[in-house]
Amino acid sequence: MTDTDPTASEKTVPEKQDASGAGLDARLVVERPPFRLDVTLTAAPGDVVALLGPNGAGKTTALRALAGLVPLTDGHLRLDGAELERVPPERRPVGVVFQDYLLFPHLTALDNVAFGPRCHGVPKAEARAQAAGWLDRMGLAGHAGAKPRRLSGGQAQRVALARALATHPRLLLLDEPLAALDARTRLEVRAQLRRHLAEFEAVAVLVTHDPLDAMVLADRLVVIEDGQVVQEGTPGHIARHPRTDYIAHLIGLNLYQGQADGHTVRLPDGPEITTTEELTGPVFVTFPPTAVTLYRDRPAGTSARNLWRCEVAGMETHGDQIRADLTGELPLAAGLTTVAAAELGLHPGAQVWATVKAAQTHAYPA
């Protein structure tokens, strides 16, 4: 296979700790029958790692295990060379930003941020001075005296981040840090959070359901399904080479696995797909929904090498397009404009022909 990124094969390998042992080295095993989490994570200082996965995959359990809020059944947890498995949560050099922020409602923004340094023995005046500095860095100097109920969602998120950073953690954990924000605030705070994470010199691990958050904020993605790591790599590499249906759906691609013989990929329970790449053996094939062209009658004279008879199973609005889910010779998702859907008279149960040009497919070894 020829990859458009010449370093992609290197990028699929997680960053290892440097020779000094700095960074995160963990194997997190948590048994909660019938569920079992077994995830290995490594990261160097300055790395931002995003944990992605469907509900119940084990992302939050992994984050809580790193924080010490869930005990390990097996494995290890080393941070900058120090063993943390038996260190209580409050003594770990770990900062946490929870999904709901969990700011102390009776304390001002300033005292919320000063709380961490105070717990580490910093005198009150000095802790408050440090907190004022962090609020200034977050653009919140004018809100130091405000209590959480008077802060907007974006302001509360930044206070929670400042509180986590004020203790100078060697590991920063963020649990769905933007989930509680509305769409407009999310856009602004995502940009601010990216800047702060870029300046953070230790390891950051974030859990998110949002692929855009992960793509924008993280250097590396770790995808977890059923308690196991199923794929990891840079955002760009994973976007080009999804290896599970969950990942393909997340980034908006049709994904198939089959046996390649030259430009033809034979699917186990479906038809053949003609691809641009010439490969042999087990492969994945992807193409975006927008690569699919639909016809009510079998098209004549089309240059598309792939043609399948399908039935519309369902339709939904997807951004400024209509996403049609198709069953039949090849189950797939097709993206088309509202006007095109109306002109075709699409509705659940409608019979259609779907075409995809070979040039719009992408095949790579499984």
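All of the numbers you see were taken from the coordinates with simple rules; none came from a lab. Just so we're clear, the structure is a prediction, and the values are computed from it rather than from any experiment. So basically every Cβ, Gly included, is an ideal-geometry build from the backbone, and we count neighbours across all protein chains shown.
Would you list Leu151, Leu52 from fewest to most Cβ contacts within 10 Å?
Leu151, Leu52
Counting only other residues whose beta carbon sits under 11 Å from that of His263, what net charge do I get with K and R as +1, D and E as -1?
Net of charged neighbours comes to -3.
If you take the Cα Rg of the range 82-196 and divide it by 2.2 N^0.38 Å, with N the number of residues, what do you get?
The range 82-196 yields a ratio of 1.04.
Could you check how many percent of all C-alpha pairs in the range 55-96 are farther apart than 11 Å?
Summing the P(r) tail past 11 Å for the range 55-96 gives 64 percent.
Scale the Cα Rg of the range 271-365 by the rule-of-thumb value 2.2 N^0.38 Å and send over the ratio, two decimals.
1.09
Mind checking which of Tyr101, Gly139, Ile238 is farthest towards the positive end of the range 8-247's charge dipole, using Cβ charges of +1 (Lys, Arg) and -1 (Asp, Glu) about the Cα centre?
Gly139
Give the distance, in whole Å, between the Cα centre of the range 268-330 and the Cα centre of the range 227-256.
Here the answer is 19 Å between Cα centres.
If you add up the charges near Gly227, with Lys and Arg at +1 and Asp and Glu at -1, over every other residue whose beta carbon is less than 12 angstrom from its beta carbon, what do you get?
-1
I need Arg158, Arg64, Arg36, Arg220 ordered by Cβ neighbour count within 10 Å, fewest first.
Least crowded to most crowded, the residues run Arg36, Arg64, Arg220, Arg158.
With N set to the residue count of the chain, report its C-alpha Rg divided by 2.2 N^0.38 Å to two decimal places.
Here the answer is 1.17, to two decimals.
Angle between the Cα long axis of helix 124-137 and the longest principal axis of the chain, 0 to 90 degrees, nearest 10?
30
Can you give the charge dipole size of the chain about its Cα centre, rounded to the nearest 20 debye, using +1 on the beta carbon of Lys and Arg and -1 on the beta carbon of Asp and Glu?
1280
Quote the charge dipole size of the range 106-249 about the Cα centre in Debye, to the nearest 20; the model charges only the Cβ of Lys and Arg (+1) and of Asp and Glu (-1).
660
With just the Cα atoms of the range 214-349, tell me how far they stretch along each of the three principal axes, in Å, largest first.
Between the extreme Cα coordinates on each principal axis of the range 214-349 lie 44, 36, 25 Å.
Pick from Glu176, Glu343, Glu278: which residue has the top mean-square fluctuation in a GNM of the chain where Cα pairs under 10 Å get a spring?
Maximum among the listed residues: Glu343.
Project the alpha carbons of the range 96-155 onto their principal axes and report the range along each, largest first, in whole Å.
Dimensions of the range 96-155 along the principal axes of its Cα atoms: 29, 22, 19 Å.
Positive end of the dipole of the chain, charges at C-beta (+1 Lys, Arg; -1 Asp, Glu), about the Cα centre: which of Pro288, Val113, Leu181 has its Cα farthest in that direction?
Val113
From the residues Thr276, His249, Ala26, which one has its Cα farthest along the dipole of the chain in the positive direction, the dipole being from +1 and -1 charges on Cβ of Lys/Arg and Asp/Glu about the Cα centre?
Ranked along the dipole, the leading option is Ala26.
If you put +1 on each Lys and Arg Cβ and -1 on each Asp and Glu Cβ, how big is the dipole of the range 271-365 around its Cα centre, in Debye rounded to 20?
160
Where is the GNM fluctuation largest for the chain (alpha-carbon springs, 10 angstrom cutoff): Gly236, Gly345, Gly262?
The residue that fluctuates most here is Gly345.
Just add up the charged neighbours of Leu110: K/R +1, D/E -1, any other residue whose Cβ is under 12 Å from the Cβ of Leu110.
Counting the neighbours of Leu110, the net charge comes to +3.
Whole Å is fine, so just give me how far the alpha carbon centre of the range 34-67 lies from that of the range 98-145.
28
How would Asp320, Asp80 line up from fewest to most surrounding beta-carbon atoms within 10 angstrom?
Asp320, Asp80
Which angle from 0 to 90°, rounded to the nearest 10, does the C-alpha axis of helix 183-199 make with the longest principal axis of the chain?
60
Given the rule -39500 (n - 2.57) for each run of at least 4 DSSP H residues, summed and divided by the residues of the chain, what is its mean residue ellipticity at 222 nm, to the nearest 500 deg cm²/dmol?
-7500 deg cm²/dmol
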